[in-house]
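The values are calculated or read from the model by the stated rules, or taken from the named source; none is laboratory data. A quick note: this is a predicted structure, and the numbers were derived from the prediction, not measured. All Cβ positions, glycine included, derive from the backbone under ideal geometry; neighbour counts span all protein chains shown.
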Ligand SMILES: [Zn+2]
């Protein structure tokens, strides 16, 4: 799915309507174009990240646009609505539109909003090194797990939520690490800014202060053998 800007339109992952890329939102249902494909989140309206996903985020042109059907926020999820520089957590539960806006009555129903869906529990990320080189020619391997959780929603939003996307446990990396570092993917094609350096979203493990290891494990996502 390589979709160049301005060529042939972008298909909405929620309603499959094909929009041109002018407004940034699906003309039919109001979802941000380029939102990550997610059946439970977008089609079932059950806000739960996938097994390997730390976060899913997208936007809507008007906040009422999240009510395509009953909204379900399970206990395993922490969900936030970002509107006017403020993050509001949506408590666990099932919501119909009127009950939702009665309970969270400071939210502006006709204004655009971004939605961040993450997890109640930390996401374990495993690293394994099967063949470490040592001066003594010993056969050494190592394994460890880092548990990662979003603690600072505002900072996460600032660094990652510039385009809709998902942060998940990515494909095995090169460089001798047969681990599964976190990977930020975006439904929309990445910004063509490679020549000017990597965007923060491409290196989530180095963004300061966003992700704090949980479960007592130390270190950050970038593994280095000692
Ligand atoms: Zn749509």
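Residues in segment 25-42: is at least one in contact with a helix residue (DSSP H, G or I) (Cβ under 7 Å, 6 or more places away or on another chain), more than 12 Å from the ligand (Cβ to nearest atom) and modelled with pLDDT of 90 or more?
No: zero hits.
Could you tell me whether residue 68 is outside the structural domain of residue 149 (by TED's automatic domain parsing) and either closer than 28 Å to residue 169 by Cβ or within 14 Å of the ligand (Cβ to nearest atom) (or both)?
For residue 68, the condition - outside the structural domain of residue 149 (by TED's automatic domain parsing) and either closer than 28 Å to residue 169 by Cβ or within 14 Å of the ligand (Cβ to nearest atom) (or both) - is met.
When you go through (1) in a loop (DSSP other than H, G, I, E, B); (2) farther than 16 Å from residue 67 by Cα one by one for residue 109, which number turns out not to apply?
Against the list (1) in a loop (DSSP other than H, G, I, E, B); (2) farther than 16 Å from residue 67 by Cα, residue 109 comes up short only on (2).
Residues in segment 51-79 that are part of a loop (DSSP other than H, G, I, E, B) and either in contact with a strand residue (DSSP E or B) (Cβ under 7 Å, 6 or more places away or on another chain) or more than 20 Å from residue 15 (Cα to Cα) (or both): how many?
Looking only at segment 51-79, we keep the residues that are part of a loop (DSSP other than H, G, I, E, B), and these are 51-52, 61-62, 67-70, 74-76.
Narrowing further to those that are either in contact with a strand residue (DSSP E or B) (Cβ under 7 Å, 6 or more places away or on another chain) or more than 20 Å from residue 15 (Cα to Cα) (or both): 51-52, 61, 70, 74-76.
The number of residues fulfilling the criteria is 7.
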